Amino acid sequence: MQTVVVKGEAESPDSYTTRRSASSAHLDLSLRETPQSVSVVTAARIEDFRLDAVNDVLASTTGVTVERVETDRTYYTARGFDIVNFQYDGVGIPFVFGNVTGDLDTALYDRIDIVRGANGLMSATGNPSATVNFIRKRPTAAFQASASATLGSWGQHRVQGDISGALNEAGTLNGRVVASYQEGDSYLDRFSNDRKVFYGVLEAKLSRDTTLTGGFTSQDAKTRGGLWGALPLYYTDGSPTNYDVGTSTATDWARNRTRNKRSFLEFEHHFENGWRAQATLSRATTNTNSKLFYVYGQPDRATELGLFSYPSLYDASNKQTLFDVSATGQFQLFGRTHDLSFGGSWSKSTLDDISHYGQGIGAALPPLTTWQGIYPEPTFDAAIDGSSYEDKRKTAFAAARWDLADNLKLLTGVSFATVDSSGLSYGVSKYRSATKTTPYVGLVYDINQALSAYASYTGIFNPQSETDAAGQPLAPVEGRTVEVGLKGEWFDRKLNASGALFKTKQDNTAEQAGYVGPKAFYRGVNAESKGVEFDLSGELARGLQATAGFTVLTVEGDDGKAVRTFIPRRLLRTSLTYQLPAVPQLKLGATANWQDKTWRDEADGVTIRQSSYATVGLMARYDIDKHFSVSANVNNLTDRKYLTSLYWSQAYYAAPRNASVTLSWKY
């Protein structure tokens, strides 16, 4: 679950936490009042550690793993299950098609919140993993501007600008523009990227109580030498491969271009009795055009031969329209004041894609250890296949926060969802129709002025797009989750901490079971996830900002054996910055992330393993004056070699040690 809208209390620009969040049922609560685990990634942390992409943000978040299966395709997990919900200012629907294409930029966000656990009220369908909510930058009445330029390893360079202010003397029309451009080469052989981002938003005060906001976002990302699939992870004798960090299976002609466009119109009205109504209309499109080269097979250990080619031309168009309406306010009952929120949404998503397979499928390739990506670009006329299908969803919810006593609050709610899909995907019917009502109950008890105990329960419902070996979609995921924990806040809510125990029973979760050619197929497995989670964020002392998260979990099937073993069972995420009292212009910081060993069992009896590993990062920033500053960042300081994921049976290596220098200006 998740969301975040800040109103009222001012936030420190250097803070690593937030005072309030609308993460639960559209109700504006403090993190301590929210009966679920919430992590916050603020603009200050994004800037301090140069978290310029969403993958970087989530990889530094408590309990979240970023499964970078390819250079342009990513999955995410939390608490043992896939994250399928992204929201924007608390509005959104699950990924209809399962993953994120491209590397999403963070320039346009004030904050990114991650609410772990089931999301039954904020999004009627989903997994008991997490919901990621992107809080977009909004216009300010006071003029403000900033710009930065970054130079990094492998010729990476980035420029970013942000300007905001009033557009008329009355201050009833405000605007903001954010733009960034990033380009450079990579540690991966033949890989380079080019990413342009633009965000514009206008906010008009139609009256004292009524606001109309409209915004548009565009991201145009081009990659050259991108991966389709990745490296083979074991030889024919079952022993593990061990390539150079920069080894790639991409040809020198491989290309990918992903264009994301998102627009929204938001109407908000505040009534005299304190109620607020909001309606949001959004439209999102993603267009992808690719020349791809997949490598399959297992190499011989002695000769490194045994790999084969699979070239393809791929084009896709994904469109999504969403309308959301909600109302939030208070009411009196039995002499006490209670909170109420209700609303509904309608969405339609379509996917049209086509694959033009190239001549030469199955051609033998030279060893990857010596291959330079040279392979004649074929004609893409060997065969054609593709998809054309749509997904429609209708949801409704109602939630109430009951003020049972001064120190006891009960949150109850229910959501209703109808999901219908139709069309074909590579010759297989995508017809699905499912309806489900999902309950939610949360209880918060204030032990004292700083500490609260909480518990929550929700059902789970999530239609799936993954298909089995016969190409048929798996049945919906269904299950239930329970969470109990303690939360605390100190120093006028400048520091938040929580500890949670969670248990989830989920049936028919998709797990990759193999390939038919280059196409993965899945099986449904029953799984129970349970574990412990700790999260801390905020100011420990004057000038000392920190985040820390530690997760321990198990994920088991009906037979008691471990499933989804590509997910680490223990995770540690930490970051810290300190502004030196003796030299207040200087800020120093570090990150340390660690994860437990992972493995996956293949159909041929081979087990792929990755040992536990840790990565360390450093940062330093010096304020030259009140406008200019210079900063330096180092990632993977110890130059640790590790794979990006075991989500699939192929993977590539993460970036080795790298560094960047940034010059920033603020007005």
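Worth a mention:
- Among residues of segment 107-144, those that are in contact with a Leu (Cβ under 9 Å, 6 or more places away or on another chain), open to solvent by 10 Å² or more (accessible area, probe 1.4 Å) and either assigned to a strand (DSSP E or B) or among the charged types (D, E, K, R) (or both), counted: 2
- Matching residues, segment 521-533, being in contact (Cβ under 8 Å) with a residue 40 or more places away in the chain and surrounded by fewer than 19 Cβ atoms within 10 Å (Cβ to Cβ): F521, R523, G524
- In segment 35-65, the residues that are of a type in the set (S, T, N, Q) and in contact (Cβ under 8 Å) with a residue 60 or more places away in the chain: Q36, S37, S39, T42, S60, T61, T62, T65
- Lone qualifier among K597, K587 - being of a type in the set (K, R), farther than 30 Å from G459 by Cβ and in contact (Cβ under 8 Å) with a residue 60 or more places away in the chain: K587
- Inclusion of K222 among residues that are open to solvent by 30 Å² or more (accessible area, probe 1.4 Å) and closer than 30 Å to N289 by Cβ is warranted.
- Matching residues in segment 475-488 - criterion: being farther than 30 Å from L451 by Cα and either open to solvent by 20 Å² or more (accessible area, probe 1.4 Å) or in contact with a His (Cβ under 8 Å, 6 or more places away or on another chain) (or both): A475, P476, E478
- The single residue among L51, L31 that is at pLDDT 90 or above and buried (at least 24 other Cβ atoms within 10 Å of the Cβ) turns out to be L31.
- Any chance F264 is at pLDDT 95 or above, surrounded by fewer than 16 Cβ atoms within 10 Å (Cβ to Cβ) and within 26 Å of H26 (Cβ to Cβ): no
- Residue in segment 548-560 that is among the aromatic types (F, W, Y) and over 20 Å from the mean Cα position of the chain (by Cα) present: no
- I384 hydrophobic (A, V, I, L, M, F, W, C) and touching an Asp or Glu at 6+ places or on another chain (Cβ under 8 Å): no
- Residue match in segment 189-197 (condition: over 23 Å from the mean Cα position of the chain (by Cα) and either acidic (D, E) or not in a loop (DSSP other than H, G, I, E, B) (or both)): yes
- Qualifying residue in segment 19-29 (condition: in contact with a strand residue (DSSP E or B) (Cβ under 8 Å, 6 or more places away or on another chain), in contact (Cβ under 8 Å) with a residue 12 or more places away in the chain, assigned to a strand (DSSP E or B) and of a type in the set (D, E, K, R)): yes
- Search result, residues across segment 640-667 that are open to solvent by less than 70 Å² (accessible area, probe 1.4 Å) and part of a loop (DSSP other than H, G, I, E, B): Y642, T644, S645, L646, Y647, W648, S649, Y652, A654, A655, P656
- Extreme residue, nearest to W371 (Cα to Cα), among residues of segment 187-199 that are surrounded by 17 or more Cβ atoms within 10 Å (Cβ to Cβ) and without any contact (Cβ under 8 Å) to a residue 60 or more places away in the chain: S192
- From the options L307, L365, residue that is out of contact with any Ser or Thr (no Cβ under 7 Å at 6 or more places or on another chain), under 30 Å from P240 (Cβ atoms) and not hydroxyl-bearing (S, T, Y): L307
- Meets criteria (open to solvent by 10 Å² or more (accessible area, probe 1.4 Å) and touching a Ser or Thr at 6+ places or on another chain (Cβ under 8 Å)) for F81: no
- Among the residues of segment 321-342, some residue qualifies, meaning at least one is within 22 Å of G102 (Cβ to Cβ), open to solvent by 30 Å² or more (accessible area, probe 1.4 Å) and at pLDDT 95 or above.
- In segment 594-609, residue nearest to S239 (Cα to Cα) [restricted to those that are buried (at least 18 other Cβ atoms within 10 Å of the Cβ) and within 28 Å of the chain's Cα centre (by Cα)]: I608
- For G589, the requirement of being buried (at least 18 other Cβ atoms within 10 Å of the Cβ) and farther than 29 Å from V484 by Cβ is met.
- Qualifying residue in segment 253-260 (condition: assigned to a loop (DSSP other than H, G, I, E, B), surrounded by fewer than 18 Cβ atoms within 10 Å (Cβ to Cβ) and without any contact (Cβ under 8 Å) to a residue 40 or more places away in the chain): no
- Top-ranked residue in segment 429-457 [being aliphatic (A, V, I, L, M) and more than 20 Å from L340 (Cα to Cα); ranked as surrounded by the most Cβ atoms within 10 Å (Cβ to Cβ)]: A434
- Listed by first and then second residue, the pairs linking a residue in segment 368-388 that is more than 27 Å from L351 (Cβ to Cβ) to a residue that is hydroxyl-bearing (S, T, Y) and part of a strand (DSSP E or B), with Cβ atoms under 9 Å apart and 6 or more places separating them unless they lie on different chains, are Y375/S309.
- Selection within segment 567-581 - closer than 23 Å to G538 by Cβ and either open to solvent by 70 Å² or more (accessible area, probe 1.4 Å) or not in a strand (DSSP E or B) (or both): L576, Y578, L580, P581
- Restricting attention to segment 275-331, the residues being of a type in the set (A, V, I, L, M, F, W, C) and assigned to a loop (DSSP other than H, G, I, E, B) number 4.
- Tabulated pairs, segment 555-579, first closer than 11 Å to R600 by Cα, second outside any strand (DSSP E or B) and of a type in the set (S, T, Y), C-beta under 6 angstrom, 6+ apart or interchain: F566/Y647
- Here S282 meets each of (1) farther than 30 Å from A400 by Cα; (2) open to solvent by less than 40 Å² (accessible area, probe 1.4 Å) with one exception, condition (1).
- Residue under evaluation A250, criteria (1) touching a residue at least 24 places away in the same chain (Cβ under 8 Å); (2) in a strand (DSSP E or B), criterion not met: (2)
The values are calculated or read from the model by the stated rules, or taken from the named source; none is laboratory data. Note that the structure is a prediction, hence the values are computed from the model and not measured. A quick note on method: Cβ atoms are made from the backbone with ideal geometry, for glycine too, and the neighbour counts reach across all protein chains shown. SASA here: full protein model, heavy atoms, side chains in, ligands and nucleic acids out. Shrake-Rupley method; radii C 1.70, N 1.55, O 1.52, S 1.80 Å.
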